[in-house]
1. Please verify whether Lys423 is open to solvent by 10 Å² or more (accessible area, probe 1.4 Å), without any contact (Cβ under 8 Å) to a residue 12 or more places away in the chain and out of contact with any strand residue (DSSP E or B) (no Cβ under 7 Å at 6 or more places or on another chain), treating the condition exactly as stated.
2. Name every residue in region 378-403 that is modelled with pLDDT under 95, surrounded by fewer than 16 Cβ atoms within 10 Å (Cβ to Cβ) and more than 23 Å from the chain's Cα centre (by Cα), in order of residue number.
3. Out of (1) open to solvent by 20 Å² or more (accessible area, probe 1.4 Å); (2) over 27 Å from Phe441 (Cα atoms), the odd one out for Ala273 is which?
4. Go through region 110-149 residue by residue and tally those that are among the charged types (D, E, K, R) and under 18 Å from Tyr181 (Cβ atoms).
5. Which condition does Ile373 not pass, out of (1) modelled with pLDDT under 95; (2) assigned to a strand (DSSP E or B), if it passes all the others?
6. What is the residue count in region 404-418 for residues that are in contact (Cβ under 8 Å) with a residue 24 or more places away in the chain, open to solvent by 60 Å² or more (accessible area, probe 1.4 Å) and not in a loop (DSSP other than H, G, I, E, B)?
7. Looking for whichever is surrounded by fewer than 24 Cβ atoms within 10 Å (Cβ to Cβ) and under 19 Å from Leu339 (Cβ atoms) here; the options are Asp265, Asp256. Which one fits?
8. What single numbered condition from (1) in contact with a Lys or Arg (Cβ under 7 Å, 6 or more places away or on another chain); (2) at positive phi; (3) among the polar types (S, T, N, Q) fails to hold for Asn63?
Amino acid sequence: MAEKKMPRVMIAALKSGSGKTLFTCMLLEALKQRGLNPAAFKCGPDYIDPMFHKKVIGVPSYNLDAFFSESRDLKSSFAENSGGAGIAVLEGVMGVFDGLGGIKEEGSSYQIAGILGVPIVLVIDVHGMGRTVLSVLAGVLRYDAKKLIRGIILNRTTRSFYETLKPVIEEELSIAVLGYYPVRKNLCLESRHLGLKMPDEVRNIKEQMRQAAAELEASVDVEAVAALAADAAAVSYAPWQRTNTAPAVKIAVAMDEAFCFYYEDNLRLLKEAGAQTVFFSPLRDTALPKDVDGLLLGGGYPELYAKELAGNEAMKKAVREAIENGMPSVAECGGFLYLHEELEDAQGNPHAMCGVVRGRCYNTGKPVRFGYITVEETGEKVWGKGGELRGHEFHYYDSTVNGEDCIARKPVGKKEWACVHEKDNCWWGFPHLYYPSCPGFAVHFIQKAMEFHQRRTGSEGKK
């Protein structure tokens, strides 16, 4: 075991839409301008919020998820991924106590804060509220059995009301009010059906965040937030066992506006299993990267780019032929849509995709099988050697051929369903997977890529 003293703070809220992501990004930018070299983390399975963190601070942001990972693994992930940062900022998910099924603490921001010993700063949207905010806060603090909530930020209010409310909250509830943020109509992170719009869709996002950080410094006691972070105790963790062997295979990873949902820990695990990841764009490239031995098509928004993807005949042909020639492949959610014969865009217009999966994908207009799941194979254990996979589904689209080679189960309740097209060298389906929950998944993928490499290069049997 090892210990790491890392100043850290969590930005949490009472519900989604309270301003967590915006405040977290402003705080990261303010800390960066102070020379504190912040690291960023997102609680829960969200892909888009870490993209905003990355856009602001210029380094990857990592997910911390108490459903995906056991406590020991969560500590290792935090300690290792925080690297040489000077301070870590964790963004919460949903409401601070909201976990599995919306009713359990497991998987909540609060559980993660407890595991990692992170002080919580609660961002509360008080627009349209008065003294009622005290009763809300009193109830929240009563549930804080571990006394992790150490500070309050009042969002969407005026300076005058903040100065009126702050002393009342501090006197009656004995909790520090660290600042406020006013309504800013010119700074808004818009949403779509799967969450926020992408960072690249927000005009001048970097300049906006620089200006917002300056405003934050004027209304929030950033020094006090940093002091709370510095008060966190050291984390005991098991260091990762790294290998120094050279990569044995190359894995082509789709990465562009249409395909960009990847967990950093998934890519790390592939590398540790012997892969070099090389990125390509199904939107703009006309061929897969040279000399690759495996294909990873992650999630994203292919439906927003269906016309462009359909028009890139050369890339569709390259993907189809690679799979037909036996190249190992993984396609999750958006990547699964891309492999179909046909994908409808948001207006219901059909577009021809790769044609590997003989079926059609269409917009249902509502969330389909939303939330955390465990995934288990129905037949011979192929990819999931070593246990079940954990992941989540988060999509409005459905398929006429979802597959029947695995069973997905909700962790709360008894709901389950058939899913996934799986063979010895492929795994295609709607679930987004967290590979470290079952490392054998990544290991098997890379083993199959090595076998493909040997066949491709004629090195099979050679020493």
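1. Details: open to solvent by 10 Å² or more (accessible area, probe 1.4 Å): yes; without any contact (Cβ under 8 Å) to a residue 12 or more places away in the chain: no; out of contact with any strand residue (DSSP E or B) (no Cβ under 7 Å at 6 or more places or on another chain): yes.
Here the answer is no, as Lys423 does not meet what is asked.
2. Selection gives Thr378, Gly379, Glu380, Lys381, Lys385, Gly386.
3. (2)
4. Here is the first cut: in region 110-149, the residues among the charged types (D, E, K, R) are 125, 131, 142, 144, 146-147.
Filter once more, keeping what is under 18 Å from Tyr181 (Cβ atoms): 125.
The qualifying residues number 1.
5. Only one criterion in (1) modelled with pLDDT under 95; (2) assigned to a strand (DSSP E or B) is unmet by Ile373, namely (1).
6. The total comes to 1.
7. Matching residue, one of Asp265, Asp256: Asp256.
8. (2)
The values are calculated or read from the model by the stated rules, or taken from the named source; none is laboratory data. Worth saying up front: this structure is predicted, and the values here are computed from it rather than measured. Neighbour counts are summed over all protein chains in view; Cβ atoms, including those assigned to glycine, are modelled from backbone coordinates with ideal geometry. We work out accessible area using only protein heavy atoms, side chains counted, and drop any ligands, DNA or RNA first. Shrake-Rupley method; radii C 1.70, N 1.55, O 1.52, S 1.80 Å.
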